[in-house]
Amino acid sequence: MTSEAAYISVAVPLPVYDVYTYGVPGPLRPLVAPGKRVLAEFGKRKVSAYVLGPAEPSETSNLKLIEDILDPQPLFPGEMIPFFKWIADYYYHPLGEVISEALPGGLNINEFITYSVTDTGRRETTGKRAADNIKKIMAAMDKSSMRHKEIERKIGRPVRQATLYGLETKGWIVRQREIRGGRTRPKTERHAALRKDAPPGDMLSQPKQAILEHLELKGEIPTRTLTPLVKNSARHLKNLWDKGFVHLFEKPVYRDPFGDPVSPDTPPVLTIEQQQVLSEISRSMGLGFCAYLLAGVTGSGKTEVYMQAAATAMKLGQRVLILVPEIALISQIERRFRARFGDCVAVLHSGLSAGERYDQWMRIVNKESSVAIGARSAIFAPLTDLGLIVVDEEHDSSYKQESRCRYNARDLAVVRAKQCGGVVLLGSATPSVQSIYNVASGKFRELNLKNRIYRQPPPDIQLIDLRRHQGTRGIRRIITPPLIEAITETLRRGEQVLLFLNRRGFASYPVCASCGETLKCKHCDITLTLHKSINGYKCHLCGYSRPAVAKCETCGASSIKQLGLGTEKIEEIVKAMFPDARVARMDRDTTRHKGSLVKILKDLQDGNIDILVGTQMVAKGHDFPNITLVGVVCADLSLNFPDFRAGEITFQILAQVAGRAGRGKQPGRVLLQTYNPEHFSITAARHQDFMAFYNQEIRFRETFRYPPHARMIQLRISGKNLEKTRSQAEIIGELCRSLRATNPEWQSAVEVLGPIEAPLSRIANRFRWQILFKSGRALALRHFARALIHEHTAALNHKDVRVAFDVDPMFMM
């Protein structure tokens, strides 16, 4: 963009699909640039908008002018704008909201209507002059101005707009426009430096002379560093500033998101397999787009390949993006990259504070970081000269965002690499069916690591048929005698045990002993789970909780049978069985607090844990050399999901958790307890053979036209009123069928399934319905969905019913 651009195109972070043209006042023209935010009037309020580039308006007489430029430098490079536009188009999401969700939180500024109480209102609502409901409304905003929704949240019930209008008419409240937001800002720290024109300091006191000598030696320094050197340093500095000896000024500093410092490492000697893989990747760098699928068995050294590939890219002057599926894995891989590459590593994930995330973002913008590591949102890292994108554990469903813009970071990694002409490397021990299909169709190139780096044999995996233990009573039905015997023997040898169950809590199915009704969440159609750690029942969907002494809501009885199991119960059973063993649990409940996950991993590494009980968190990418036994308490939990990917999910998680065994010097052993020992997902996991699983699964997908043999778009329809939601879902379903009938290609290529009630029919007090579009022709499917949006906008934007498009859905519940 030229510095004299008179008109600019902007996107606003609101649910509108268009981009808008604004004029730029003369004094601001040299400052405007793509990637900056501007303050602009949109409708009747002011919002922060994102500059996309110059515009050539066809008509200028009614154009509004921007009011200010909010950033001294762009928040993202201009080369990312086509990437944002691709996302908005593919996922049917407003461009401004795509950019807003990509940026660190707390930046946007918006203008809102707020209400506050007048002195008249306070007088009139004292005593018995006003009704109780009016008093509650007035009390809610007595101390500060509030938005309409904030008033409703505070008093816990809806407030009609007419009520607020009536209070305003009486003069009891006043309405005003208020700009809010922009709470995340750069952190600054006071610094001191010697003035070049400072007078002689011979007559100064000894503390002041000590400060000047230190500044002459060190140069510009933070003033806090003087505190341990000179008593009352702040007072002395102020006096030195008054007399013209020093400068005092604020300087931006970065908040440190990292933990303990790490010792530098040196690259190890690669195996022949690793060398071959790295050579293939290195040859592609700098030659344009190339996509690789690295299928490497657990323990084969994929991470070392990532690091040496990153080093190759950096030598070529390129920058690197590393994606991992969960925050739990970031600390481990971040420490390894920092040990190798030092301070040029930045991290981006939702576990950081807003300020830390902003600082890491700006380090990348300022090109102070050559490597960015993060979970799925790191796909938006503002990297220029991007040469390599690595997606570790590419099969993991955590890469799919399930709210707002429902993107898949793995897929976006391929798109971004293609747009910037870089290399994308997808790595997994259990590649997704989609990625293997892309290899078979020639879209990806396949790389393989078939052996562990120290040539350890794969773990010995055995199946335990739980059907043979159905008559067993007590805890031996949960942890069978063969597994107990294996745990005992492993502990005797001084080795570690991992017990896996992909369900947290203590009891997952509480049932009234009197009437047989389950204890359900009051906001969702799902049973509550007992958590002994909080002495209460909890909903795993919305977070609702009840005390453990709660009675049955149907009959009032207090006798509740705690059926089902979770990691808490397994932990309690194991502690009772092996009282001398040091037992720990690793799930979302025990790793919620900052630093808790790192402590568990460190204790495991240091040998302070004998038995670790965990959910799928323990199955992903961790390296535990002393774990020689893995016990899967129940291998079948995910097999019965009403989801066409249930078999794939089961195979992947079992193969991954089995891969935690025997990664050190001692051989590993895995015991899988299952009610379905003949299921092909179980048998393929037992033999660690993803191609055997793929060859059977792909035939099923082809027969029933499921991805990758078809593309899908899911319409998620939800509302707080059951009847309105059902009615609107049926209306939209009829519109879809009518639209399909208008085009012969859509009639032959696009299936419209539904509307039907979702398997989880209510979550967080919202009733849920869904419609599924399915087609073997991606272009026809996209044209159909786009036509639905443009021709039936009103039906898709009902005031009481929310409709969301989920392209390539992962969560079918």
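Based on the Cβ-Cβ distance of residue 269 and residue 220, what FRET efficiency does E = 1/(1 + (r/R0)^6) give at R0 = 41 Å, to the nearest 0.05?
0.40
Using a simple charge model, +1 on the beta-carbon of Lys and Arg, -1 on the beta-carbon of Asp and Glu, nothing else, what dipole does the chain show about its Cα centre, in debye to the nearest 20?
Charge dipole, the chain, about its Cα centre: 2100 debye, nearest 20.
Extending each Cα 7 Å along its Cβ direction at residue 760 and residue 489, get the distance between those two points in nm, one decimal.
Between residue 760 and residue 489, the label points sit 4.0 nm apart.
Give me the net charge for the shell around residue 391: Cβ to Cβ below 12 angstrom, other residues only, Lys and Arg +1, Asp and Glu -1.
Neighbourhood net charge equals -1.
Taking the Cα centre of segment 252-357 as origin and charging only Cβ (+1 Lys, Arg; -1 Asp, Glu), how large is the dipole, in debye to the nearest 20?
220
Residues of segment 306-340 with the amide nitrogen closer than 15 Å to a label point 7 Å from the Cα of residue 623, along Cα-to-Cβ, please.
306-309, 329-340
Using packing as a proxy for protection, rank 652-660, 505-513 so that the peptide with the highest average count of other Cβ atoms within 10 Å comes first.
Final packing ranking: 652-660, 505-513.
Sort 341-349, 458-466 for me by packing, meaning the mean count of neighbouring Cβ atoms within 10 Å per residue, highest on top.
Answer by packing, highest mean first, reads 341-349, 458-466.
What residues have an amide H closer than 5 Å to that of residue 669, excluding those fewer than 5 places away on the same chain, when H is modeled at 1.01 Å from N in the peptide plane?
The list, which skips near neighbours in sequence, is 460, 629, 630, 662.
Could you give me the ³J(HN,Hα) list for segment 604-619, computed from phi with Karplus coefficients 6.51, -1.76, 1.60 and θ = phi - 60°, whole Hz, x at Gly and Pro?
So the J values, rounded to whole Hz, are 5, 5, 7, x, 8, 10, 9, 10, 10, 9, x, 9, 4, 4, 7, 8.
Count the net charge of all other residues whose Cβ sits under 12 Å from the Cβ of residue 415, scoring Lys and Arg as +1 and Asp and Glu as -1.
With Lys, Arg at +1 and Asp, Glu at -1, the net is +2.
Defining a contact as two alpha carbons under 8 Å apart and six or more residues distant in sequence, what relative contact order in percent does segment 536-648 show?
17
Of the options 509, 498, 458, report the single residue whose Cα projects farthest towards the positive end of the charge dipole of segment 431-514 (beta-carbon charges: Lys, Arg +1; Asp, Glu -1).
Toward the positive end, the furthest listed residue is 509.
Let me know the charge dipole size of segment 434-497 about its Cα centre in debye, to the nearest 20, where only the beta-carbon of Lys, Arg (+1) and Asp, Glu (-1) is charged.
About 120 debye.
In terms of modelled amide H atoms, which long-range or inter-chain residues lie less than 5 Å from the amide H of residue 524?
Amide H neighbours of residue 524: 764, 765.
Grab the DSSP H runs of the chain that are 4 residues or longer, score each as -39,500 (n - 2.57), total them, divide by all residues and round the 222 nm result to the nearest 500 deg cm²/dmol.
So the helix-based figure for the chain works out to -9500 deg cm²/dmol.
Straight-line reach from residue 231: which lysines fall under 19 Å, measuring Cα to Cα and dropping same-chain residues less than 8 apart?
Residue 231 reaches 208, 218.
Please list 588-596, 372-380, 205-213, 494-502 highest first by mean number of surrounding beta-carbon atoms within 10 Å per residue.
Output ranking for 588-596, 372-380, 205-213, 494-502: 372-380, 494-502, 205-213, 588-596.
Please compute the contact order of segment 733-797 in relative form: average sequence separation of alpha-carbon pairs under 8 Å and at least six residues apart, divided by the residue count, as a percent.
Computed over segment 733-797, the figure is 32 percent.
Where a ≥ b ≥ c are the square roots of the eigenvalues of the C-alpha gyration tensor, would you call the chain rounded, which needs a/c under 1.5, or, failing that, prolate if a/b is larger than b/c, or oblate?
Taking the square roots of the gyration eigenvalues as a ≥ b ≥ c, the chain is rounded.
Among residues other than residue 236 whose Cβ falls under 13 Å from its Cβ, what is the net charge (Lys/Arg +1, Asp/Glu -1)?
+3
Considering only protein heavy atoms and a probe of 1.4 Å, how much of the accessible area of the chain is carbon and sulfur, as a whole percent?
50
With the cut-off at 1.5 for a/c, could you classify segment 672-813 from its C-alpha gyration tensor as rounded, prolate or oblate?
Because a/c hits 1.5 or more and a/b fails to exceed b/c, segment 672-813 counts as oblate.
Which ³J(HN,Hα) values in Hz, rounded to whole numbers, follow from the phi angles of segment 363-371 under the Karplus curve 6.51 cos²θ - 1.76 cosθ + 1.60, where θ = phi - 60° and Gly and Pro get x?
Values, residue by residue: 4, 5, 4, 7, 6, 8, 10, 9, 10 Hz.
List the residues whose amide H sits under 5 Å from the amide H of residue 221, counting only those 5 or more places along or on another chain, with H placed 1.01 Å from N in the peptide plane.
192
Can you list which of the GluC sites (Glu not before Pro) found in segment 115-162 are DSSP loop residues with at most 10 other C-beta atoms within 10 Å?
Listed in order of number, the matching sites amount to none.
With every protein chain present, what is the per residue accessible area of the chain (1.4 Å probe, Å²)?
Per residue, the chain has 46 Å² of solvent-accessible surface.
Normalised by the number of residues in the chain, what is the relative contact order in percent for Cα pairs under 8 Å and 6+ residues apart?
Values: 1541 pairs, mean separation 73.6, N = 813.
Taking the mean separation of contacting Cα pairs over the length of the chain, I get 9 percent.
Can you work out ³J(HN,Hα) from phi for every residue in segment 559-575, in order, using Karplus 6.51 cos²θ - 1.76 cosθ + 1.60 and θ = phi - 60°, giving whole Hz and x for Gly and Pro?
Values, residue by residue: 8, 10, 7, 9, 8, x, 8, x, 5, 4, 5, 4, 4, 5, 4, 5, 5 Hz.
The values are calculated or read from the model by the stated rules, or taken from the named source; none is laboratory data. Keep in mind the model is a prediction, meaning the values are calculated, not measured. Cβ coordinates were reconstructed from backbone atoms using ideal geometry, including for glycine residues, and neighbour counts include every protein chain displayed. Note: areas computed on protein heavy atoms with side chains; ligands, DNA, RNA excluded. Shrake-Rupley method; radii C 1.70, N 1.55, O 1.52, S 1.80 Å.
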